[in-house]
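The values are calculated or read from the model by the stated rules, or taken from the named source; none is laboratory data. Just so it is clear, the model here is predicted, and its values are computed rather than measured. Don't worry about glycine lacking a Cβ; one is built from the backbone with ideal geometry, like all the others, and counts go over all protein chains shown. Note: areas computed on protein heavy atoms with side chains; ligands, DNA, RNA excluded. Shrake-Rupley method; radii C 1.70, N 1.55, O 1.52, S 1.80 Å.
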Amino acid sequence: MVFNTPQQISSPQSTELEDYPPMKNSSRIKLRDGRYLAYAERGVPRHESKYQIVIVHGFGSSKEMNFPVSQELIEELGIYFLLFDRAGYGDSDLNMKRSVKSEALDIEELVDKLELGSKFYVIGVSMGSYPTWSCLKYIPHRLAGVALVVPIVNYWWPSLPKSLTKLDFRKKLIRWTLRIASHAPGLLRWWVNKKCLPSNSVLERDPTFFNEHDMEVLKHSKGFPMLTRERLRQQEVFDTLRTDFMVCFGKWDFDPMEMGDPFPESPESSVHIWQGHEDKVVPVELQQCISEKLPWIQYHEIPEGGHLIVHYDGVCDSIVKALLLGEEPLTDTQDSS
């Protein structure tokens, strides 16, 4: 196992969690089932790019999320970024039949509609990791490489050792939330609005979920606008978050920890996990366990990193260089096991 640090953690390079305000007139494509999927394009022009990367946002986010890669690197490598609103988020239509597999198929259809070519890269952030695992399972032949950044772990994957999660308060909280979301969604909505999130600032100041570096990021950001009480009062917003949460932590059709190398005949393609050692949302021990179980994953751990490492200075550049060029980040300490 290798522990890598891109550089000393410093002031955030770009700290906006939602870099641009939501757009009401987004570019959209129509899917086969009649739903519309909204998307945004960044980086170099699509047809002039050398590398095409799909960014998959997490819980409560959107295509307006910031993934701060330096303009110099974008132009040097010729990188095109495709961001999109997952079903129900932003300007995309809700999918009440959402599943782990449907997330991957949405990505594949979007890429084909935009004619990005036979292969593309995917970077999934936080809860955007479950659609990314789905891509590795269902459309590996379309992938040139994958990075999972602080990926959420489903506590009910069969191969995840129970000894690692037995005393984890997050598992208990998720189990309780799943039960209420399934059997009493109205009660869950009341609880979230009245008890859980009385204001946006409460979540952002909570040291239960964020370490000191994350807190610094949140001081200079707009925070989590979709998770405010005002937004959660909107039925469609609540339904989107509820179904997304239930699919992520529900029963999957496969166990990622039992997957084989998705690129056995493509040594130039790789899979990476990036994790903060001080992440309070996803325990580092879970990611270490997964990387040990799946030796074809390249594991990168940031010693002082929390859950918001994509907003730390230089981290996104390191993620992209490792994914596209196979370049090792600057390393302060390395241990092998």
Any hit, the stretch 153-166, residues being touching a strand residue (DSSP E or B) at 6+ places or on another chain (Cβ under 9 Å) and of a type in the set (A, V, I, L, M, F, W, C): no
First in the stretch 262-278 and under 16 Å from residue 289 (Cα atoms), second anywhere and of a type in the set (Phe, Trp, Tyr), Cβ under 9 Å, 6 or more apart: 271/263; 271/296; 272/299; 273/299; 274/299; 275/299; 276/312; 277/3
Qualifying positions in the stretch 69-96 - closer than 15 Å to residue 58 by Cα and of a type in the set (Gly, Ala, Ser): 87, 88, 90, 92
Positions within the stretch 145-174 being among the basic types (Lys, Arg), in contact (Cβ under 8 Å) with a residue 12 or more places away in the chain and open to solvent by 30 Å² or more (accessible area, probe 1.4 Å), in sequence order: 170
Residue pairs meeting the criteria (Cβ under 8 Å; at least 6 apart or on separate chains; first closer than 15 Å to residue 80 by Cβ and free of Cβ contacts under 8 Å to residues at least 40 places away in the same chain, in the stretch 44-61; second open to solvent by 10 Å² or more (accessible area, probe 1.4 Å) and assigned to a strand (DSSP E or B)): 49/43
Selection count where residues are part of a helix (DSSP H, G or I), surrounded by fewer than 15 Cβ atoms within 10 Å (Cβ to Cβ) and at pLDDT below 75, scope the stretch 197-228: 3
